[in-house]
Amino acid sequence: MPKETITPRGKDYSQWYLDVIAQAELADYAPVRGCMVIRPTGYAIWERIQAGLDQRIKATGHSNAYFPLFIPWSFLMKEAEHVEGFEPEVAVVTRGGGEELAEPLVARPTSEAIIGHSFAKWIHSWRDLPLLINQWANVVRWEMRPRLFLRTTEFLWQEGHTAHATEADAEEETLRILNEVYFDFAEKEMALPVLKGRKTENEKFAGALRTYCIEAMMQDGRALQAGTSHNLGQNFARAFDIKYQNADNAEDYVWTTSWGVSTRLIGALIMAHSDDEGLVCPPRLAPIQVVVVPIYKGDAERPAVLEAIDRIVSAWDGRFRVKIDDRDQMTPGFKFNEWESKGVPVRVEVGPRDIEKGTVALARRDVPGKEGKQFVPQEGLADRIADLLHDIQQSLYQKALRFREDHTRDVTSYDELKEAIETGWARAYWAGTSEDEDRIQQETRATIRAIPFDQPDAAGKCILTGKETTQVVVFGKAY
RNA sequence: CGGGGUGUAGCGCAGCCCGGUAGCGCACUCGCUUUGGGAGCGAGUGGUCGCCGGUUCGAAUCCGGCCACCCCGACCA
């Protein structure tokens, strides 16, 4: 009889989300409002995310560096739109060394300002371009309404910052990151289907020319912005005086980009794949891919079972990330449930009967309970596990993709849109203004999540204004 | 910042209306028995009742003030 420790999704989605985090020991609340402690299990997932992204970021030619947490207040003020966007949410340090500071320092909400300052010093010639930098850092944004992983006052992320000689180069960079880093990572490693597109003026980054994004659908039909990539034009180059001499010996401003994904991805992971039993982690991302649970009665059987496990696991030759749960005080049933709630993709059970018959019990997390469990021969087990992990990865992706498709509707009227966004996304022709967009948000609480790259060939009528247009956008309620 | 809710053991709660010095479940510790889907029994440990003040012989309980956190909205990765 399972204990009711996780509120079912159908009953209270928000509570379910918090329960999964508590049960899987991903994070805790900190003593400061809006801040969280990322616990070892949650941090291990973040390290896997970091590894997958870092490798892709480096493969596309970027180098890691680190810039300071504190930014002079005046730096933030240099780019008008940027300061307007971030001013309300910056934390400011006014005292240090026991004295009032001459100039207040802000804890970075993002690092365009401080990095722009360095770029101006480093870049002199067209030969210095492109400059491709990434940093792994924490940032601080004073949030009105925090939510674990999705919106916390302090969060961890990577932020890429690059400078280019031409607008075309900057645009190419912005899109390369979206495609080769973010899209690829989300779909391949996280098994998370994401919609690629451009943000509207209303939704773009404060100070950017254009913002591109990947948007994911959560199991309640709401949208989560999973990553953004900005073409900053020459806005920051002008604000921070980042100039270079081109091949014709003339002085020109560089074109910059910035792009980031954060610990919010852990929230996406939870809400995309998990179920009422707890976390479901895709195998490629899972810190532990296979957990082995020994089954035995008393001290007499224990050594033989542990020996057998040792032999079986060493035959896998390090192919998987494995945890042997040899804790003697817990019953097997308890362990099954614990690892299930922590999202470990595959469980292997080895008991006296298995030793006798040369079998093991093999259970898959995406089919919880006894239904996902079968007894299989020890022979060829490693290949079987490899296949199973691969199959789970694919099936999680397919399931999430099917969910998104089932919850995305093409709509041709405002009424249809209102109905569609109650359960998911609405795809519609759109020729409205920023004000029209605001109005829709006020009336429906939905926003334009993206102008998808995938656009129709034929024209249609704007859902609000009735004007003929070829542009299709996707509406949804966002996290 | 608006609306709602909650603060009593590590967690979840009861006790408060009707004041008399704190209890239950889980967890934790020890022992024995257990172990293929959240083990059983027994014995224990653990609390300035969010904070400050007031009323009273006496406050978790009544009164006043404050604080914190969670949930739902406006702003955001």
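The values are calculated or read from the model by the stated rules, or taken from the named source; none is laboratory data. The model shown is predicted, which means the values in this text are computed figures rather than measured ones. Using ideal geometry, Cβ is built from the backbone for each residue, glycine included, and neighbour counts are taken over all protein chains shown. Surface areas here come from the heavy atoms of the whole protein model, side chains and all, with no ligands, DNA or RNA. Shrake-Rupley method; radii C 1.70, N 1.55, O 1.52, S 1.80 Å.
Within region A:193-215, the set of residues being open to solvent by less than 10 Å² (accessible area, probe 1.4 Å) and away from RNA strand B (no atom under 14 Å from the Cβ) comprises just one member, A:P193. Taking the numbered list (1) open to solvent by 20 Å² or more (accessible area, probe 1.4 Å); (2) under 29 Å from A:R404 (Cβ atoms); (3) among the β-branched types (V, I, T) in turn, A:T166 passes all entries but (2). Within region A:96-141, if we keep just the residues that are within 16 Å of RNA strand B (Cβ to nearest atom) and surrounded by fewer than 16 Cβ atoms within 10 Å (Cβ to Cβ), the residue that is farthest from A:A163 (Cα to Cα) turns out to be A:N138.
What strands (runs of 3 or more DSSP E), lying completely within region A:1-79, carry at least 2 residues that are more than 18 Å from the chain's Cα centre (by Cα) and either within 15 Å of RNA strand B (Cβ to nearest atom) or over 20 Å from A:D275 (Cα atoms) (or both)? Spell out how you get there, then give the answer.
Details: elements: A:27-29, A:36-38, A:70-72.
Output list reads A:27-29, A:70-72.
Somewhere in region A:280-287, is a residue modelled with pLDDT of 95 or more and either farther than 30 Å from A:L362 by Cβ or open to solvent by 10 Å² or more (accessible area, probe 1.4 Å) (or both)? Break it down into steps so the answer makes sense when it comes.
First, the residues of region A:280-287 that are modelled with pLDDT of 95 or more: A:280-287.
Filter again for either farther than 30 Å from A:L362 by Cβ or open to solvent by 10 Å² or more (accessible area, probe 1.4 Å) (or both), leaving A:284, A:287.
Yes, because at least one residue in region A:280-287 is modelled with pLDDT of 95 or more and either farther than 30 Å from A:L362 by Cβ or open to solvent by 10 Å² or more (accessible area, probe 1.4 Å) (or both).
Of the residues making up region A:211-228, just one is touching a strand residue (DSSP E or B) at 6+ places or on another chain (Cβ under 7 Å), in contact (Cβ under 8 Å) with a residue 60 or more places away in the chain and either more than 22 Å from A:W425 (Cα to Cα) or among the polar types (S, T, N, Q) (or both), namely A:Q225.
Applying the selection to region A:84-139, what residues are assigned to a strand (DSSP E or B) and over 28 Å from the mean Cα position of the chain (by Cα)? Spell out the reasoning first.
Of region A:84-139, the ones assigned to a strand (DSSP E or B) are A:91-96, A:99-107, A:125, A:131-139.
Within region A:84-139, A:V93, A:T94, A:R95, A:G96, A:E99, A:E100, A:L101, A:A102, A:E103, A:P104, A:L105, A:S125 meet the criteria.
A:Y253 meets each of the listed conditions (1) open to solvent by 10 Å² or more (accessible area, probe 1.4 Å); (2) within 13 Å of RNA strand B (Cβ to nearest atom); (3) assigned by TED's automatic domain parsing to the domain that holds A:N179 apart from (2). Checking the stated criteria, A:T174 turns out not to satisfy the condition of being among the β-branched types (V, I, T), in the same structural domain as A:Y66 (by TED's automatic domain parsing), in a strand (DSSP E or B) and under 26 Å from A:K78 (Cα atoms). Residues that are more than 8 Å from RNA strand B (Cβ to nearest atom) and over 15 Å from the mean Cα position of the chain (by Cα) within region A:146-167 comprise A:G160, A:H161, A:T162, A:A163, A:H164, A:A165, A:T166, A:E167, listed in sequence order. Within region A:216-231, the set of residues being away from RNA strand B (no atom under 13 Å from the Cβ) and closer than 19 Å to A:E159 by Cβ comprises A:N231 only. Residues in region A:340-356 include none that are open to solvent by 40 Å² or more (accessible area, probe 1.4 Å) and outside any helix (DSSP H, G or I).
Filtered by the rule that a residue be more than 6 Å from RNA strand B (Cβ to nearest atom), more than 19 Å from A:G42 (Cβ to Cβ) and either of a type outside the set (K, R) or open to solvent by 40 Å² or more (accessible area, probe 1.4 Å) (or both), region A:329-339 gives A:Q329, A:M330.
Kindly evaluate A:T152 against the criterion of being surrounded by 19 or more Cβ atoms within 10 Å (Cβ to Cβ) and modelled with pLDDT of 90 or more. Judged against the criteria, A:T152 is not a match. Give region A:296-312 a look and list any residue that's more than 10 Å from RNA strand B (Cβ to nearest atom) and open to solvent by 60 Å² or more (accessible area, probe 1.4 Å), or say none. Listed by number, the residues that qualify are A:P303, A:E307, A:D310, A:R311.
Cβ contacts < 8 Å: first residue free of Cβ contacts under 8 Å to residues at least 24 places away in the same chain, restricted to region A:145-162; second residue near RNA strand B (Cβ under 7 Å from one of its atoms) and open to solvent by 10 Å² or more (accessible area, probe 1.4 Å), any location; separation 6+ or different chain. Result? Qualifying pairs under 8 Å: A:R145/A:R151. Among all residues of region A:269-278, there is none that is in a strand (DSSP E or B) and modelled with pLDDT of 95 or more. Every residue in region A:177-192 that is of a type outside the set (G, A, S), open to solvent by less than 10 Å² (accessible area, probe 1.4 Å) and part of a helix (DSSP H, G or I), please. Listed by number, the residues that qualify are A:I177, A:L178, A:V181, A:Y182, A:F185.
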